[in-house]
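Bear in mind these aren't lab numbers, they're just calculated from the coordinates by the rules spelled out. Since we're looking at a predicted model, the values are computed, not measured. Here the Cβ positions follow ideal geometry from the backbone for every residue, glycine too, while neighbour counts run over all protein chains shown.
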Amino acid sequence: MSDKLGKISFKVYGLAHEKNGAVRADVFAKKLGVFLKGLKESDSYLNQTNRLNFLITKMAYGSAELVIEEETIDLQYLPPKSSIYLIKNAIDDIDKGRGFAVGLPIALARSIVDLGRNVEETFAHAEITIDDDDSNVVRIDSFFFKRAEKSFANLKLENHDEVLFEGTTMGTYYGVLRAIDLTGRTGTAKLISNIGGKEISCKCNIEIMEKLANTLNKKVAVSGLIHYSSESRIPKQIDIKKIELMETDNHLKRWIGAFDIPCPDEEDIW
């Protein structure tokens, strides 16, 4: 996958019966939200966490069209891989009839299906263009949507052996807190989990906010309500009820988790 950061154009066309063929504002906002969700899922999949911002660098006057470019969030690390090229490749696979690639994240594939949902009902069609290349345009229409929907069903069947929990439970996660925001009456933060460096969104009430301010870039255990979706083993969000700073001495077992997998003695192996 390309290390070059990308630029992508997204345009929605209105139905003929709308005023001058204009696009309804709520339809455009919804489709843009779906498109950005796909970009963020792509970023998270490629870079193991969210490494990119998505900037609107151009909007066409009188048209439901905009250009989005990627920007690296943190320059301290190696350059992130481009989410734009991954999502464009997945869209191309549908457009060319190849279907979603095996192993493509379910959430990313779903966002591509949702781009075409309600086509010819709430909008006429949409277009996606990469790097201002007019020869590289994909049309999101009813034909594309039907192909994407069928391929998505096949992708889910291929993953049928892995059924993940969806819901809320109490629990504890360990990691380092980053990007703390204490504006308003609720606080938010990003927990970089010690499980593969995955990023987990966290929020807390005013009682926890004072403790949150003293934990930036420190190893912590956060406990509370953990929200899971069926798309990943990693939580979508943690509602923090308790924060505990982890000691920096030799309490390694406490840091890496409570599971102790014993190694058998040689004479026990047969």
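Just a few scattered comments:
- Translational D in µm²/s for segment 7-158 (Stokes-Einstein at 4 °C, 1.567 mPa s, Kirkwood Rh from C-alpha pairs): 82 µm²/s
- Listed residue (LEU55, SER135, PHE165) projecting farthest to the positive dipole end of the chain, Cβ model: LEU55
- Helix 106-116 and the longest principal axis of the C-alpha atoms of the chain enclose an angle of approximately 20°.
- Counting all C-alpha pairs of segment 94-144, share separated by more than 14 Å (%): 59 percent
- Distance from segment 110-177 to segment 3-56 (C-alpha centre basis), Å: 12 Å
- Extent along the principal axes, Cα only, for segment 167-256: 37, 33, 20 Å, with the longest axis given first.
- Taking the longest Cα principal axis of the chain as reference, the axis of helix 83-95 is set at about 50 degrees.
- Relative intensity of the chain on a log10 scale, I(q)/I(0) at q = 0.09, 0.11, 0.16, 0.17 Å⁻¹, equals -0.53, -0.76, -1.25, -1.32, per a Debye sum over C-alpha point scatterers of equal strength in the absence of solvent.
- The charge dipole of the chain, taken about the Cα centre with unit charges on the Cβ atoms of Lys, Arg (+1) and Asp, Glu (-1), comes to about 860 debye, rounded to the nearest 20.
- In terms of the mean number of neighbouring beta-carbon atoms within 10 Å, the peptides 223-236, 104-117 order highest first as 104-117, 223-236.
- Cα long-axis angle, helix 25-47 against the chain (0 to 90 degrees, to the nearest 10): 50 degrees
- Here is how the number arises for the chain: DSSP H runs of 4 or more residues each give -39500 (n - 2.57), the sum is divided by the residue count, and the result at 222 nm is -9000 deg cm²/dmol.
- Which of ILE192, ILE128, ILE73 has the fewest Cβ neighbours within 10 Å, and the rest in rising order: ILE73, ILE192, ILE128
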